[in-house]
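Asks: Can you keep this structure in mind? I'll have questions shortly.
The values are calculated or read from the model by the stated rules, or taken from the named source; none is laboratory data. Just so you know, these numbers come straight off a predicted model, no measurement behind them. So basically every Cβ, Gly included, is an ideal-geometry build from the backbone, and we count neighbours across all protein chains shown. Each accessible area value is taken on the protein alone, full model and side chains, heavy atoms only, with ligands, DNA and RNA left out. Shrake-Rupley method; radii C 1.70, N 1.55, O 1.52, S 1.80 Å.
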Amino acid sequence: MFAGRMTSFRTHMKEAGIDVALITDDDNVYYLTGYYDYLHMEFGRPTILVVHRSGESLLITPTIDLNTALSAAHVDRIAAWNDGMGEEWRLELPKAVKTAKRVGIEPDHIPPVVRTYLDTLVPGENLVSATPILAEMRMIKSAQELQLARHAGQVASAMMDAGRNAIADGVPEFEVALATSRAGTRKAAELLVAHYDDADMSPNTHFLQIMASGDTITKTHHRASTRIMKRGEPVFLCFCGMTNFHRFKLGFDRTFWIGEMADKQQEHIYEVAVASQAAALAELRPGVTAESVHAAYAEVIQGAGFEYPFRCGRATGYSFLEKPQLVTGDTTVLQPGMVFAVDGSVSVDTFRAQVGDSFIITEDGWEAITEHPKSLDAVIL
């Protein structure tokens, strides 16, 4: 798998006239080599994948992570560097770019310290972006990646079921987060044991639980807190960060009420949100543009008298955000094998309703990979 991706990337490099590429985005390093580490730049230790279009692939990584690299990285050579010793990660770069006329980088994902040093080695006019190449390569998922997507959907659904069951009058928000994390981890562990051979891949869910209740419901990315939930209040659950199975990401969210809907005006807003997602799904299929899906969703929301909404959705995969986005201005034509998070959402001053799921684009439409009821009867707990 990784060898095939590397070969394809080199072919695209040749077509673009790129002699050597320096890959510094965590997700792209994993996509091309299978290597992943949890520290990367958080502790000031850059990892750099060097790909020559007609030569070796070289992984420059901290000595502290060398054993992980040796067991996971599908590369021709590994160069480990240690804190404070010699030139550290800088040692290999001059040789790597010395004869290159065009050097591909990821401008938005290169650590500033690496970019600053690279600017002393390569004239600015010789630097080009390799980001579009990898973004295009990653748009259409392989059969193996689609299996990951479906399994990620099972993990997400387990978390949603557990969260729903934990929501109740008098319960603090953080108890919901604990329930979702346990459920997602157990489902992920079950799938890893049954279907995968990477013994180092952790089943544990991570990323703070996105949820909001009561008067915090309009805070889109509010984290689970010590707030005590009360009967009649709305509760929002989102798993767009926590659904990260075997490094594959999805989007998934729902709005619930505890026991009853205390504010009956919220019913209409919620129904418009559901209808906006339904309109997007009626448009979602191969051959249409990404922006046309957003337009269908936005038309329902604005037609009901609400403000123009944020994007309808985004492609996902090994990154939380991939190309294309379901938003005005993105004219990418949808193709089978793409994976999208698709939302329906309406916001007003005192309330916000959102429902979201993930889908695989098929030959004649889409396949849902997250499942949870959306009817009013189902979301009033």
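Asks: In straight Cα distance, which lysines are under 25 Å from Lys141, not counting same-chain residues fewer than 8 positions off?
Replies: Excluding near neighbours in sequence, the set is Lys14, Lys187, Lys249, Lys323.
Asks: Lys/Arg Cβ at +1, Asp/Glu Cβ at -1, dipole of the chain taken about the Cα centre: which of Leu281, His74, Thr226 is farthest positive-ward?
Replies: Checking the options against the dipole of the chain, the answer is His74.
Asks: With only Lys, Arg, Asp and Glu charged, each at its Cβ (+1 for the first two, -1 for the last two), find how big the charge dipole of the range 212-319 is about the Cα centre; round to the nearest 20 debye.
Replies: Magnitude of the dipole: close to 600 debye.
Asks: Right, next: Do you know the relative contact order of the range 201-342, to the nearest whole percent, from alpha carbon pairs under 8 angstrom that are 6+ apart?
Replies: 20 percent
Asks: Placing +1 on the Cβ of each Lys and Arg and -1 on the Cβ of each Asp and Glu in the range 106-164, which of Met159, Ala135, Pro111 has its Cα farthest towards the positive end of the resulting dipole?
Replies: Checking the options against the dipole of the range 106-164, the answer is Met159.
Asks: Next question, about the same structure. Please work out the C-alpha center-to-center distance from the range 95-174 to the range 245-259 and express it in whole Å.
Replies: Taking the Cα centre of the range 245-259 as reference, the centre of the range 95-174 is 20 Å away.
Asks: Please give the peptides 114-127, 299-312 ranked by average Cβ packing (other Cβ atoms within 10 Å per residue), highest first, as a rough proxy for protection.
Replies: 299-312, 114-127
Asks: Let me ask another. Among Gly329, Ile380, Met261, which residue has its Cα furthest toward the positive end of the charge dipole of the chain, with +1 on Lys/Arg Cβ and -1 on Asp/Glu Cβ?
Replies: With unit charges placed on the Cβ atoms, the residue in question is Gly329.
Asks: What are the membrane-span-like helices in the chain by this rule: whole DSSP H runs, Cα extent along the axis at least 15 Å, mean Kyte-Doolittle hydropathy at least -0.5?
Replies: Within the chain the helices that satisfy the rule are 143-166, 173-195, 265-283, 290-303.
Asks: Place a +1 charge on the Cβ of each Lys and Arg in the chain and a -1 charge on the Cβ of each Asp and Glu, then give the dipole magnitude about the Cα centre in debye, rounded to the nearest 20.
Replies: The calculation lands at about 480 debye.
Asks: Ok, one more. Please give the contour-minus-distance gain from Asp83 to His206: 0.36 nm per residue of separation, less the Cα-Cα distance, rounded to one decimal in nm.
Replies: 41.5 nm
Asks: Among the aspartates and glutamates, which fall within straight-line cross-link reach of Lys95, defined as a Cα-Cα distance under 17 Å, with same-chain neighbours fewer than 8 residues apart omitted?
Replies: Filter leaves Asp19, Glu56, Asp76, Glu87, Asp119.
Asks: Roughly how many Å² is the accessible area per residue of the chain, as a whole number, for a 1.4 Å probe?
Replies: Ligands and nucleic acids excluded, the result is 43 Å² per residue.
Asks: About the Cα centre, and with charges only on the beta carbon of Lys, Arg (+1) and Asp, Glu (-1), how big is the dipole of the range 1-134? Nearest 20 debye, please.
Replies: Numbers: 12 positive and 18 negative charges, 114 e Å.
With only Lys, Arg, Asp and Glu charged at Cβ, the dipole is about 540 debye.
Asks: With a/c under 1.5 counting as rounded, go ahead and sort the range 205-357 into rounded, prolate or oblate using the C-alpha gyration tensor (a ≥ b ≥ c being the square roots of the eigenvalues; past the cut-off, prolate if a/b is larger than b/c, else oblate).
Replies: Cα axes put the range 205-357 in the oblate bin.
Asks: So what are the range 91-215's ellipsoid semi-axes, whole angstrom, largest first, if each one is the square root of 5 times an eigenvalue of the alpha-carbon gyration tensor?
Replies: Those come to 43, 20, 14 Å.
Asks: Please report, as a whole percent, how much of the solvent-accessible surface of the range 151-190 comes from carbon and sulfur atoms (probe radius 1.4 Å).
Replies: Details: 760 of 1520 Å².
After summing per-atom areas, the C and S share lands at 50 percent.
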